[in-house]
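Let me begin by presenting the structure, written as structure tokens, before commenting on it.
The values are calculated or read from the model by the stated rules, or taken from the named source; none is laboratory data. A quick note: this is a predicted structure, and the numbers were derived from the prediction, not measured. As a convention, Cβ positions derive from the backbone with ideal geometry for all residues, glycine included, and neighbour counts pool all protein chains shown.
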Amino acid sequence: YRQDLVVNHAPPPVSTDLTLTGNVYEDNPYVAAVNRPMAHAEVSINGQTFLTDELGSVNTGITGPVTATFSLEGPWSTVFTSNLTPSFSLTLQDGANSVSFDNDANIRERSAFFHVNIVHDHVNTWLPSFTGMDFSLPTNVDVGGNCNAFYDGSSINFYAEGNDCQSYAQIAEVVYHEYGHGINDNYYQDNGSFFVNGAMNEGYADIWALSITEDPVLAEGSSLSDPDDYIRRYDQDPKVYPQDLVGQVHADGEIICGAWWDYYVLMGNDMNAMMTLFTEAFAGLQANTPNGTEGQAYRDVLIDALQADDNDGDITNGTPNGNEIVEAFAIHGITLISNAELDHTPIEATVENQGLVISADLQLTFPFTTYVSDVVMGYAINDDATWTTVPMTNTGGNTWEATIPGQPQGTVVAYWMGVEDIFQQLSGVLPIGAAEEDPNLPFYTLVGYALQATEDGDDNSELGNFLLGLPTDNASTGEWTLTIPIGSFGTPGDPSTIVQTDEQHTPGGELCFVTGNASNSSAALGENDVDAGTTTLLFEEIDLAGYVNPTITYWRWYVNNPPSGANPNADWWQVYLSDDNGQTWVPVEDTRTSDRSWRRKAFRVQDYVSTGGVVQMKFHASDSLRPGQNLDGGSLVEAALDDVQLWDNVGDVGIDEQEQAIAAVFPDPADQLLNVRMDLPQARNITVRVTDLGGREVLRKAWGNLSGEQMRTLNVGGLANGSYVLQLLWEGGRSEARFQVVR
């Protein structure tokens, strides 16, 4: 029989295929838009919904021609503008169809949709078992307002262009950042917790963004006028705990994000290494700590990171990448004992050639005490730029002590203390920030000095004339004035949010120098801060004739980084001396480190200028203008000054003529009564004044006209145990002697 061996090949049925694309900004509007696949977008045909794949493609299996509807929505994002989702319909033909969304959605909508899908796929790569973001997140574009974006718990929202700001829907890192808030929120909820801490939330949202771009500059190109403008960056000026902790979540978040970024850098710019450790530590849920406990959260992150890296169950003997982890976090002040605190009463004055015993109590609980290696003290003499660091000795309980060798009369000693962990990283430095590269003021102790003159803004004006402002000043507000200070607060009534001081420094005084007062303590921050330039306080003529070793102290308050303040830590506090009538000026202080408290500076004049005649001293507070930056670089700046004092070696002649009018004081030490024997060669109208060794007046009495040999009794029963200076004051002269009160 015959068999038909001819095989007939029937071609497959023709169907409609499509590829959906759109022009988007991959970075920001200053980088040309590129045509990219619109992945994870819905396509509806004959009541059936398809999703484009990673290449923006769909093989429908439906023959054409057929009408298809395209929407800027999908399983991970639904875009809305004024509550409408961009969509359009067209007829598809059999075969390949190239479809563009460019004519039916604007580039803000397309870019937002594109980047939400990128960050969703990114988090699923690093947290593959996490499904908390596997839903279509409402993505709202051109929301009313400008210069912002936010996550509200159920959607991400991008303000419209305006006020020199791009629409942040066009800035890739901002989309990733806002989506990152959603990751943080839902991951914690999926694990039975809540992402409470605002600084951690902002810092970790930045990490989700930077882990995609591998670029330390966040949101470059966010300004309409400056392509180089950005929101945050992590490759310069690292934020350090605790001195840079200001109570503003975005600023404080830079501390923890910076630590992770520096770990990435120390690992050789290996993002896989960084993200592997980050996601393992992420499960530690460190951010369920309330706002105000950032130190605890940051320290917990470090501990969890070391534990995640550990391979033998003991982080104290090191971990494979422990050196890099510890160094990266220490750059930002985060150590295993970031919660360590030292309590110390500053020693402002002491006698010569006697060891200066410095004592502090360490406040730290188990198990963190197991991470303590040592408590240390750094000290420097006069203008020495190098710190001598010595270990302190535990004398029992929580108390630690160290002794600074005795110094000769007329020495200024500076010192600070800190706690070292088992990785030799320093924490708990007191005063905060005193050991940094741009340091805060340390503590100062005057050795063998006697107070000669004071300008306290109240009853004592013994340093000559002063000028409030100079013709060369250009600050528009916040000029220096002598007044009763009115405090300013981030939250009126909450002392922890203070910015400008609400108290002068002089015991029993009323006035101090401040850079402008607000109208009241409930006024908005910055109502009368230093703006748009410099304001100067000048002491015109401090006569040092006859002094052996003139030394100056003053108390100052300086803030340039308050919560909600723009461009924190960007402006300077500057103090200068001149010995040539202002022709040249030598800097005494030149710092951008602020301290929201009264702090004392001490220095010997001879370490800066000559001391034989008249010197001038000026104090600058400034708000620098940097056109093109946020608010043109302006910052919220407040300053205050009080109790400027002039000292000289004990027994050396100062401004006033000194006589040996005090023949004896006894008993010494005294308990309740102190006898003062005087020998006055001529009649004097005598006032007796008692100061502590820090120069603070603690007692004053008028004894009236006296002459010849006299004896008077002074009641010192109200004075605390300690050393004091008794001064007899009269017009044109003084005499003084030391005594102690011991009970």
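Out of Val676, Val690, report the one residue that is part of a strand (DSSP E or B), out of contact with any Asp or Glu (no Cβ under 8 Å at 6 or more places or on another chain) and buried (at least 18 other Cβ atoms within 10 Å of the Cβ). Even if it seems obvious, please write down each step before you answer.
On the way: Val690 fails: out of contact with any Asp or Glu (no Cβ under 8 Å at 6 or more places or on another chain).
Answer to the check: Val676.
Being surrounded by 14 or more Cβ atoms within 10 Å (Cβ to Cβ) and either closer than 21 Å to Val141 by Cβ or hydroxyl-bearing (Ser, Thr, Tyr) (or both) is the filter here; which residues of region 84-98 pass it?
Thr85, Pro86, Ser87, Phe88
Quick one: which strands (runs of 3 or more DSSP E) sit completely within region 72-175 and have at least 2 residues that are assigned by TED's automatic domain parsing to the domain that holds Phe50 and in contact with a Gly (Cβ under 6 Å, 6 or more places away or on another chain)? Let's see the steps before the verdict.
Working: elements: 77-80, 87-92, 95-100, 137-143, 149-151, 156-159.
Answer list for region 72-175: none.
Quick check, is Leu729 in contact with a Gly (Cβ under 9 Å, 6 or more places away or on another chain) and either surrounded by fewer than 13 Cβ atoms within 10 Å (Cβ to Cβ) or under 23 Å from Thr506 (Cα atoms) (or both)?
Numbers: in contact with a Gly (Cβ under 9 Å, 6 or more places away or on another chain): no; either surrounded by fewer than 13 Cβ atoms within 10 Å (Cβ to Cβ) or under 23 Å from Thr506 (Cα atoms) (or both): yes.
So Leu729 does not fit the description; no.
Quick one: would you say Trp598 is free of Cβ contacts under 8 Å to residues at least 40 places away in the same chain, under 30 Å from Asp237 (Cα atoms) and over 14 Å from the mean Cα position of the chain (by Cα)?
Numbers: free of Cβ contacts under 8 Å to residues at least 40 places away in the same chain: no; under 30 Å from Asp237 (Cα atoms): yes; over 14 Å from the mean Cα position of the chain (by Cα): yes.
It is false that Trp598 is free of Cβ contacts under 8 Å to residues at least 40 places away in the same chain, under 30 Å from Asp237 (Cα atoms) and over 14 Å from the mean Cα position of the chain (by Cα).
Mind checking whether some residue in region 516-523 is assigned by TED's automatic domain parsing to the domain that holds Trp598 and within 22 Å of the chain's Cα centre (by Cα)?
Taking region 516-523 and keeping what is assigned by TED's automatic domain parsing to the domain that holds Trp598, we get 516-523.
From what is left, the residues that are within 22 Å of the chain's Cα centre (by Cα) are none.
Checked against the condition, which is being assigned by TED's automatic domain parsing to the domain that holds Trp598 and within 22 Å of the chain's Cα centre (by Cα), region 516-523 yields no hits at all.
Take region 64-79 and flag every residue that is of a type outside the set (Gly, Ala, Ser) and surrounded by fewer than 21 Cβ atoms within 10 Å (Cβ to Cβ). Talk me through it step by step, then tell me what you get.
To start, the set of residues in region 64-79 that are of a type outside the set (Gly, Ala, Ser) comprises 65-67, 69-70, 72-73, 75-76, 78-79.
Scanning region 64-79 gives Pro65, Val66, Thr67, Thr69, Glu73, Pro75, Thr78.
Tally time: how many residues in region 381-401 are assigned to a strand (DSSP E or B), closer than 19 Å to Thr445 by Cα and out of contact with any Ser or Thr (no Cβ under 7 Å at 6 or more places or on another chain)?
Of the residues in that region, 3 qualify.
If we scan region 300-322, do we find a residue that is within 20 Å of the chain's Cα centre (by Cα), surrounded by fewer than 19 Cβ atoms within 10 Å (Cβ to Cβ) and assigned by TED's automatic domain parsing to the domain that holds Gly253?
No, region 300-322 contains no residue that is within 20 Å of the chain's Cα centre (by Cα), surrounded by fewer than 19 Cβ atoms within 10 Å (Cβ to Cβ) and assigned by TED's automatic domain parsing to the domain that holds Gly253.
For Tyr547, work out the one condition from (1) within 13 Å of Thr593 (Cα to Cα); (2) at pLDDT 90 or above it doesn't fulfil.
Tyr547 satisfies every listed condition except (1).
Quick one: is Gly22 surrounded by 11 or more Cβ atoms within 10 Å (Cβ to Cβ), modelled with pLDDT of 95 or more, in contact with a Phe, Trp or Tyr (Cβ under 6 Å, 6 or more places away or on another chain) and not β-branched (Val, Ile, Thr)? Steps first, answer last, please.
Numbers: surrounded by 11 or more Cβ atoms within 10 Å (Cβ to Cβ): yes; modelled with pLDDT of 95 or more: yes; in contact with a Phe, Trp or Tyr (Cβ under 6 Å, 6 or more places away or on another chain): yes; not β-branched (Val, Ile, Thr): yes.
Here the answer is yes, as Gly22 does meet what is asked.
Looking only at residues in region 360-380 that are outside any strand (DSSP E or B) and touching a residue at least 24 places away in the same chain (Cβ under 8 Å), which one is nearest to Asn440 (Cα to Cα)?
Start the filter on region 360-380 by keeping residues that are outside any strand (DSSP E or B), which leaves 364-371.
Narrowing the set further to residues that are touching a residue at least 24 places away in the same chain (Cβ under 8 Å) leaves 364, 368, 370-371.
Working: Leu364: 23, Phe368: 26, Thr370: 29, Tyr371: 26 Å.
Only one residue tops the list, namely Leu364.
Any residue at all in region 668-675 that is more than 18 Å from Gly733 (Cβ to Cβ) and at pLDDT below 85?
no
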